[in-house]
Amino acid sequence: MPKNKDLKKILVIGSGPIVIGQAAEFDYAGTQACQALKEEGLEVVLINSNPATIMTDTNMADKVYIEPINLEFVSQIIRQERPDGLLPTLGGQTGLNMAVELARAGVLEQEGVKLLGTQLSAIERAEDRDLFRELMRQLDQPVPESDIVTTVEGAVDFANRIGYPVIVRPAYTLGGTGGGIVANEEELRETVANGIRYSPIGQCLIEKSIAGMKEVEYEVMRDANDNCIVVCNMENLDPVGVHTGDSIVVAPSQTLSDREYQMLRSASLKIIRALNIEGGCNVQFALDPQSYQYYVIEVNPRVSRSSALASKATGYPIAKMAAKIAVGYTLDEIVNPVTGQTYACFEPTLDYIVSKIPRWPFDKFTDANRKLGTQMKATGEVMAIGRTFEESIHKAVRSLEIGVHRLLLKGADELGDETLKIRLAKPDDERLFLVAEAFRRGWELQLIQDITSIDWWFLDKIERIVAFEDVIRREPGLTIETLYKAKRMGFTDRAIAELRREGQGASAPHTAEIDVREYRLQQGVKPVYKMVDTCAAEFEATTPYYYSTYETENEVTESGKQKVIVLGSGPIRIGQGIEFDYSTVHAVWALRNAGYEAVIINNNPETVSTDFNTSDRLYFEPLFFEDVMNVIEQEQPIGVIVQFGGQTAINLAAPLAKAGVRILGTALESIDEAEDRKKFEALLRKLNIPQPKGSTVTSVDEAVGTARELGYPVLVRPSYVLGGRAMEIVYSDEELLNYMKVAVKINPEHPVLIDRYMLGKEIEVDAICDGETVLIPGIMEHVERAGVHSGDSIAVYPPQTLSEDVKRQAIDITTRIAKELRTIGLVNIQFVVFDEQVYVIEVNPRSSRTVPFLSKVTNVPMANLATQAILGVKLADLGYKEGLWPEDEFVSVKVPVFSFAKLRRVDPTLTPEMKSTGEVMGRDRHFAKALFKGLVGSGMKIPQSGSIIATIADKDKEEALEILRGFYNLGYKLMATGGTAELLEKAGMRVKRVNKLSEASPNILDLIRTGEAQFVINTLTKGKTPERDGFRIRREAVENGVVCLTSLDTARALMNMLQSLRFSSEAMPVLQA
Amino acid sequence: MQARLLLEDGTLFTGQSIGADGASIGEVVFNTGITGYQEVLSDPSYCGQIVTMTFPMIGNYGINRDDFESVRPYIHGFVVRRHEDIPSNWRAQYTLGHLLKEYGIVGISEIDTRMLTRILRQHGTMKGILTTGNERIEELRERMSVTPLLRDQVARTSTKQLFSSPGNGERVVLIDYGAKSGILRELTERGCDVVVVPQDTTAEEIRRLHPDGIQLSNGPGDPKDVPHAVETIRQLLGEYPIFGICLGHQLFALACGADTEKLKFGHRGGNHPVKELESGRCYITSQNHGYTVKEDSVRGTELEVTHINNNDKTIEGLKHKKYPAFTVQYHPEAAPGPFDNSYLFDRFLEMIREHKKNNLERPRQAQLAQALRGELQYAQK
């Protein structure tokens, strides 16, 4: 079928900010889709509120709207643009929900916009629980038996009929509050009684538990001609019970016979056909490990995280194909871009195994509940490719960057047997390592299987890995056979050295990584690179997409061109998000433009950078010294660029340089000068640049002494940190001692930094330097004062309240530091302004989180220019002048987005430690409007009237008063507990007193739960124990979707914004006679 | 134990033995299926071939009683990157290694199977010798050059005895050229009364079975090695509805005057797209063939091309313009591979019913009575 000629202009909806459950995969999908549509000569209009994406670059679509994705804004854009079609399936759940809302509101019909790919009815049938079950019944597809009950007796009757265990899901409670798996009647009675109470409609769903079954997924595609294919199937190592986004997954499935594989494949095709989807779809199954019995768990009628993984795992670009299908093409007429000679209507076949491991934020959120269940908690994921499971999982583990490079977790050997057993039974993020630990203790595989329900096949592999560790340890001399076997199993040189040291003592040969490496190279044990080609070598492919393994034939051919390797940023985590992938992609493009062959190494399957079309060559490999060195040896580049891949790549700079690799851009010494506290202080002293007073301490006593000398409050943090990890403001000796006990292990190797905390305005600058000219695209002013991590602050460009003098100081300091560090490329500097004086807090000699935002609002292609500078091009020759780039007439606001609702027990208070997962942008002529767009885009519901609950710490009361008065004058009702209420009354405001938590119900939590308050303003009382009332108030707000403001700065900005958007900030003037 | 695979072009792979001891010569081919190794191993169409699986880990779910496609494997060797010797699946009864040993099949693991596949793709399938012995390379080469590849695979794999699989439905005579069990399974599932006959059964013998339709099975090797089968089909054409699969499709084409040729490296796997020309629909099919019907040879015959491979555009399906007969190059019986094409068996049965309706307007009984009356009159004379 040829292209649908009625379509000329198409609207694509993106997925908005990065949150847990919706990450960079939709930038990848959206980017592919936009490119695919433009290729067809269609005019593409894009809306996405997330500025940190490649898809929102102006070259991706004909028109890009970085606006909130809600009914109001999208409708407005539709009326303005009048597109012929809307592609809703590439923007995750956000895009899909938006499309449904637009359709239901009648906007699409009114404006004559055709829904492409998936029809409304299909979305509804896949998403609505009842419609879905009805459809499955019609298709004769089994779903777990379930019933909706409103009484405990009803639940008991049903459970008796279907048998225990059953899952209880209270209706309409957030994050599954009050539900869970129950094993017997007693538990059921208790849980259902609770669940009915929690549920606003007094309902619970009782469902047969299928926990423990194999979880298998199929990625399916269909076109308008009813051609259907399966792109990939995947098997979860974690049985049903753990969200697939939190599961370790392999592709293809490993323990299904052809009959089982085909049975589920046929079921998937039946479902996509019944839903009439034109595009991609994901079907999740539970398969009984002891029979052919299976259940359909879920169907996603759109491109998903799994389809991004499937695309990277197979090389088959699902999103691109989905876009082509949506505009009328059929699979059999679309050429397979991988082979260039076969067509998209075929099923990719793999000759390797892919492993995906999620990346969880528990290193940042130490208080969070680490247990894995039906609520996804991972922020990102890594993928690795190998020819055996052992090789593949080993590569995935070392891609995680959690300080682990094999199946060995520090401290696991100290767990008691009972604890180990419990932790194996209730999965958390470390279970893979704990399984290995159990094998190390000699536990029987069958026992571990009984406890974990993990398939025998996977357990056997882990046991083999552990067993082989012993072989490496015990062999008297390390033979080439053992070395080769170890490499084929994915052991790193470092692991081999460690094991040799454990088995043979530190004085034996091959007990240092470098020795193993030298020995290995001497013996010619080197990896070869194989191509990912969708067809297991059946057809000739030209995809420059490689992975390493230890075998015979190397498929990489020498191009003879000059090459540059760009290191990617690995998995998305808090503090290192999609922003770094954005810069990486731009660097690669700039290199290609300049005529170099751009080679990328990365391991994140969600990203644009790992699309094999992005670079000249993609190595899907761990960002681990050994793996990176191997690629370098293979490619012989003129150098390696480390400044776009965040801290991941920066951390590799030193070992690479030591191994003789040329680091392009800012020199290693300069990186070190900026990152090493002592050297950095010396640098600032030399330049006579002020910085907050502080010092480095190596013992608790020294810490207390220093803090007293500086005067509380002080800012404490361990040295060499990422994203403000473990950084805190402490107000007293007591708090400091507590911090020293809980947050850090202080010793001379791990010093702690203590700075005077200056309660000032924070500003941030990104600059590009070619060694001569320092170009500052823009200065960003933070709404929240110092003490809130820059990544969690609302940033405004251009600055709204800075004096010319402050700006001049910032420009001057930035210029001098950039030059002194002999920066080649990007540098990011954070300042605090105190009494009109600018102090330097931090210098990051690399691309920062704000590069995409600033690039978009200033139109200065920052990563591109930085790359050119790295290649030796002078900014002056490109027409750029030293200093600040002219400020934009529009105001742009970057608003952070958090995923607190998904992370139980995490305190939503803004602190020096970064907590946000993503960002949105609001842009308008006026600050207030821009902020409004930003806040709305971030998901904040801002009613024009309503109630505010205020609980303010004593130290903040005075400041809060003025803000609350502002809200009061705007007509908001105030509610407060004891002290705060008294204060407000004294100030002449009417206030509704509410009960504290300790007082009778209804108390403050009940008010939040029942939706009587629209905003909660709560400032932190110290002590981080979750029992504290403030913590419970904040959590309650977050879990009920109530706006929770923990910084008075944010509250003030919101209040000012509301004032500006009103006709008058005063009470309505009354005409008096 | 060590095992080695030497190719005709001189490439030597050294790995581990996973099967029987000894040496074995065959045509080295590759299959791209990820699952289905048991079905591949036991598919008689691989008779005389050394089969490489491109998926690196083979043996994961073991070997079970139910997934055999014939009573025994006929392959001459099995090549994998990694033999998974501790399987995990509820139906697994023993391991791949056991199976190979049980049937005296030589197997090798731990070699670069992707490299092997790339060689075969570039140079075409070729002869190879797989050995667990310590022979010198020259010796292996010598043995390989003096041993011709098999040409009698059909006779080797076909049933020696006629047997029946009774049912209450249409009677289908399945001519076994080395049939996969899947074909019989599909027919019996549809209630057919199936009589499986040896590959050299004559047309006369088949007529004696009074079939409603004739199923030509798949089978190994070059269709031109079984001229008698072509002749039989020619004699039966027009008389009975015919459905041919794989080798059966090629033999049918030859019987109708078309020609066949060898493909460079064949189609073996479960992911091949086939386009049905009439509907424009594309189907994912299971395939296993080294020969194909020559496209230009169809011209001038009474055959019509119904299906083509959407990748290399080779012929995948034919039908006779005059008679009720159609054939496909691929495997609608799946096993291994997708079930998407089993509708072809339904189509076959529809064709049979249609044929009956058209040709038996007068009830069978009347015909019989008339014939008997004639005989009676003759006797009375």
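Between A:Glu414 and A:Thr482, what is the FRET efficiency for a Förster distance of 22 Å, r being their Cβ-Cβ separation, to the nearest 0.05?
On the way: r = 29 Å, r/R0 = 1.33.
That gives a FRET efficiency of 0.15.
Taking the range B:99-172, which trypsin sites (Lys or Arg not before Pro) meet the DSSP loop condition and have no more than 10 other C-beta atoms within 10 Å? Walk me through the numbers before you get to the answer.
Details: sites: B:Lys101, B:Arg114, B:Arg118, B:Arg121, B:Lys127, B:Arg136, B:Arg141, B:Arg143, B:Arg151, B:Arg156, B:Lys160, B:Arg171; in loops: B:Arg136, B:Arg151, B:Lys160.
Sites meeting the loop and neighbour criteria: B:Arg136, B:Lys160.
Report the residues of the range A:753-784 in range of a label on A:Glu962: point 7 Å along Cα→C-beta, backbone N strictly under 17 Å from it. Label zone hits: A:759-762, A:783-784. By the count of neighbouring beta-carbon atoms within 10 Å, fewest first, A:Glu186, A:Glu134 end up ordered A:Glu186, A:Glu134. Per the Kirkwood formula applied to alpha carbons, the protein assembly as shown shows a radius of gyration over Rh ratio, Rg over Rh, of 1.01. Model label sites at B:Asp9 and A:Glu669, defined 7 Å from Cα along the beta-carbon direction, differ in position by 5.3 nm. Extending 7 Å from Cα along the Cβ direction at A:Glu734 and again at A:Lys658 yields two label points whose distance is 4.5 nm. For the range B:90-141, the set of chymotrypsin sites (Phe, Trp or Tyr not before Pro) satisfying both a DSSP loop assignment and a count of at most 16 other C-beta atoms within 10 Å is given as B:Trp90, B:Tyr103.
Computed from the C-beta positions of A:Asn969 and A:Asp1006, the FRET efficiency with R₀ = 30 Å rounds to 0.60.
Cβ crowding within 10 Å ranks A:Arg849, A:Arg129, A:Arg756, B:Arg65 as B:Arg65, A:Arg129, A:Arg756, A:Arg849, fewest other Cβ atoms first. Pairwise alpha-carbon distances in the range B:7-52 exceed 12 Å for 72% of all pairs. Taking the centroid of alpha carbons for each part, the range A:355-387 and the range B:25-43 are 38 Å apart. Across the cross-link table entries A:Lys5/B:Lys275; A:Lys807/A:Lys933; A:Lys941/A:Lys992; B:Lys224/B:Lys357; A:Lys929/A:Lys986; A:Lys807/A:Lys894, which are compared at the Cα atoms, the separations over 30 Å belong to B:Lys224/B:Lys357; A:Lys929/A:Lys986. Restricting attention to the range A:435-588, lysine pairs at least eight places apart or on different chains and with alpha-carbon atoms under 29 angstrom apart total 13. In nm, to one decimal, how far is the modelled label at A:Ser699 from the one at A:Lys686, with both set 7 Å along Cα→Cβ? About 3.2 nm, to one decimal. Which whole-number percentage describes the relative contact order of the range A:160-276, with Cα contacts under 8 Å and a sequence gap of 6 or more? Answer for the range A:160-276 is 19 percent.
For the range A:766-898, what number results from the quotient of the Cα radius of gyration and 2.2 N^0.38 Å? Could you put the intermediate results ahead of the total?
Values: Rg = 14.0 Å, N = 133, 2.2 N^0.38 = 14.1 Å.
Dividing the Cα Rg of the range A:766-898 by 2.2 N^0.38 Å gives 0.99.
Residues B:His331, B:His210, arranged from fewest to most other Cβ atoms within 10 angstrom of their Cβ, appear as B:His210, B:His331. Summary of the geometry: the range B:238-271 and the range A:456-498, compared by the centres of their Cα atoms, lie 50 Å apart.
When DSSP assigns beta bridges and you keep just the ones with both residues in the protein assembly as shown, what percent turn out antiparallel, to the nearest 5?
Values: 144 of 221 bridges.
Around 65 percent of the beta bridges assigned by DSSP in the protein assembly as shown are antiparallel ones.
The alpha carbon convex hull volume per residue for the range A:574-662 rounds to 88 Å³. With a cut-off of 9 Å between beta carbons, the residues surrounding B:Asp67 carry a summed charge of -1, where Lys and Arg count +1 and Asp and Glu -1. If R0 equals 56 Å, the separation of the Cβ atoms of A:Arg808 and A:Asn276 corresponds to a calculated FRET efficiency of about 0.35. Multiplying the residue separation of A:Leu131 and A:Asp470 by 0.36 nm and removing their Cα-Cα distance gives an extension gain of 116.6 nm.
Each part reduced to its alpha carbon centroid, the range A:859-934 and the range A:240-288 end up 39 Å apart.
No value in this document is a laboratory result; all are computed from the given coordinates. Keep in mind the model is a prediction, meaning the values are calculated, not measured. In this analysis, Cβ positions are derived from the backbone assuming ideal geometry, glycine residues included, and neighbour counts consider all displayed protein chains.
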